[in-house]
1. Is there a residue being within 10 Å of the ligand (Cβ to nearest atom) and hydroxyl-bearing (S, T, Y) anywhere in the stretch 319-334?
2. Considering the stretch 196-255 alone, what residues qualify as being of a type in the set (G, A, S) and more than 22 Å from Y282 (Cβ to Cβ)?
3. State which residue is farthest from the chain's Cα centre (by Cα) when the search covers only the stretch 146-176 and only residues that are basic (K, R) and more than 23 Å from A25 (Cβ to Cβ).
4. Exactly one of these conditions fails for R84: (1) within 14 Å of the ligand (Cβ to nearest atom); (2) in contact with a Lys or Arg (Cβ under 9 Å, 6 or more places away or on another chain); (3) among the basic types (K, R). Give me its number.
5. Select from the stretch 354-376 the residues that are assigned to a strand (DSSP E or B) and not aromatic (F, W, Y) and write down the one among them that is nearest to D386 (Cα to Cα).
6. Of all residues in the stretch 127-145, which are within 9 Å of the ligand (Cβ to nearest atom) and more than 16 Å from the chain's Cα centre (by Cα)?
Amino acid sequence: MLQRPRGTRDFLPDEMERRRGVEAALRDRVARWGYREVCTPEFEELELFTLRSGAGIVGEIYAFEDKGGRQMALRPEITAPVLRMFVNEAKVQPRPLRWFYFADCFRYERPQKGRYRQFWQFGVELIGADTPRADAEAILLADDLLRAAGVPSDIHVGHLAPMKHLLRDLDPGARAKAMAFLDKRDFDGLGGFLGGIGKPDLEGRLRDLAHARTLDELFAVTGDIPEKERIEKTVEILDKNGLACTLDFGIARGLDYYTGTVFEGFAPNLGAENQVLGGGAYRLAHLFGGDDVPSCGFALGFDRIMVSLGEKPLSRPVRVAVCSTEEGRMRAFEVARAFREQGVCAEIDLLDRNLGAQMAHAAKSADYAAIIGKREVETGTVTLKDLRSGDQKAVPLPDAVAEVAARVPR
Ligand code: HAM
């Protein structure tokens, strides 16, 4: 038997209905903030992803050569594609641009629960605003979306400047390594690394930085830095808006394009893969041939949100099974159409089952049976049976439709 590729999933109708329900809640919420949907291709030129991150990232990407010999990649994330699109199509549009996307990404990862090779992101890019208010809007929106999805989570907010300030004497390669250790909270690894490059004294200050939970603690480690006011302002806006976030200046983020504020969200009920959201302020447009446009954004890991929500019961649509004898078969189409036109889900028998077998099937799959026999055909009625109570009555078709339609939530 053929199997689906490793790290991918199939979604049966129950799961798709759950996913679409959460997606609808996110779409509704993001629209209230003025964000509009964009869509980019599923594959791009590989260079789009290596320009900033270097060739090292290719090992984590589904990269391939197409039939024309071009180096291509399935998108591992959507920020770079969106900024490419911005430069190609929208750089003269009034700023800031508020865009969102809901789409799948591909990463060549070792699969486990919450980590897949094909996964969906619900992401936001706020392009062309470089103020504490813009950073704060992105973080408050991230929090609002997680609430709309129904996922309680802890948002950690940081900024790259303090970390970069402490690491300013390291060459770029060593700085990137130290930041990667910090990001993973691997202090033993960090200590070993700093010792190896003759900077053991930095370890203690970096530990203090990662453990700072107030701005006073932070600036006690770094002293005055040029970004101090900006960080204070952003935190003040979050505070005044009642966001209970954790200040965390140990966040370095895995992707290389971030420049300032960074933030991540964690769902406490998940295991190792508990990061449900990541983002920050970044600059990418200038790499793709545009101006150096400041942007800020984030992406929710949609699949992790679904894991966090668990198997919540579905609210099912009201369903009518149209059951008919041989004489009623032709009219079944018309009866089903009348229900559908009033927003009710209606299904007819397609397997030539007798009436008893159709009713047995309806008992498993529907809320009502609309029965059409010889008498109903002759009188233009249907017998409407409530399959929960067992009550049934012969009524004109419009009355049957009106009775069931009244139960459909609007
Ligand atoms: P990221 O942190 O790499 O950021 O991914 C965002 C979220 O996608 C993660 O927090 C996680 O929930 C989810 N995610 C990542 N990898 C996987 C995977 N293999 N399986 C399931 N879920 C996964 C970005 O991608 C940035 N583009 C976010 C951004 C937007 N920054 C600025 N704008």
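1. Within the stretch 319-334, none of the residues are within 10 Å of the ligand (Cβ to nearest atom) and hydroxyl-bearing (S, T, Y).
2. Correct list: G196, G198, G204, A212, A220, G223, G242, A244.
3. R168
4. R84 satisfies every listed condition except (2).
5. It comes out as A369.
6. Result: no residue meets the conditions.
One line per residue, one yes/no per condition, for (1) modelled with pLDDT of 95 or more; (2) surrounded by 13 or more Cβ atoms within 10 Å (Cβ to Cβ); (3) polar (S, T, N, Q); (4) under 41 Å from the mean Cα position of the chain (by Cα):
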position: E341; (1), (2), (3), (4): yes, no, no, yes
position: L350; (1), (2), (3), (4): yes, no, no, yes
position: G356; (1), (2), (3), (4): yes, no, no, no
position: K364; (1), (2), (3), (4): yes, no, no, yes
position: K374; (1), (2), (3), (4): yes, no, no, no
position: K385; (1), (2), (3), (4): yes, yes, no, no
position: A405; (1), (2), (3), (4): yes, yes, no, yes
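For every residue, the table says whether it meets (1) of a type in the set (S, T, N, Q); (2) at pLDDT 95 or above.
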{"position": "Q121", "(1), (2)": "yes, yes"}
{"position": "I127", "(1), (2)": "no, yes"}
{"position": "T131", "(1), (2)": "yes, yes"}
{"position": "A134", "(1), (2)": "no, yes"}
{"position": "D144", "(1), (2)": "no, yes"}
{"position": "G150", "(1), (2)": "no, yes"}
{"position": "S153", "(1), (2)": "yes, no"}
{"position": "H159", "(1), (2)": "no, yes"}
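The values are calculated or read from the model by the stated rules, or taken from the named source; none is laboratory data. Just so we're clear, the structure is a prediction, and the values are computed from it rather than from any experiment. For neighbour counting, all protein chains shown are included, and Cβ atoms are generated from backbone atoms with ideal geometry for every residue, glycine included.
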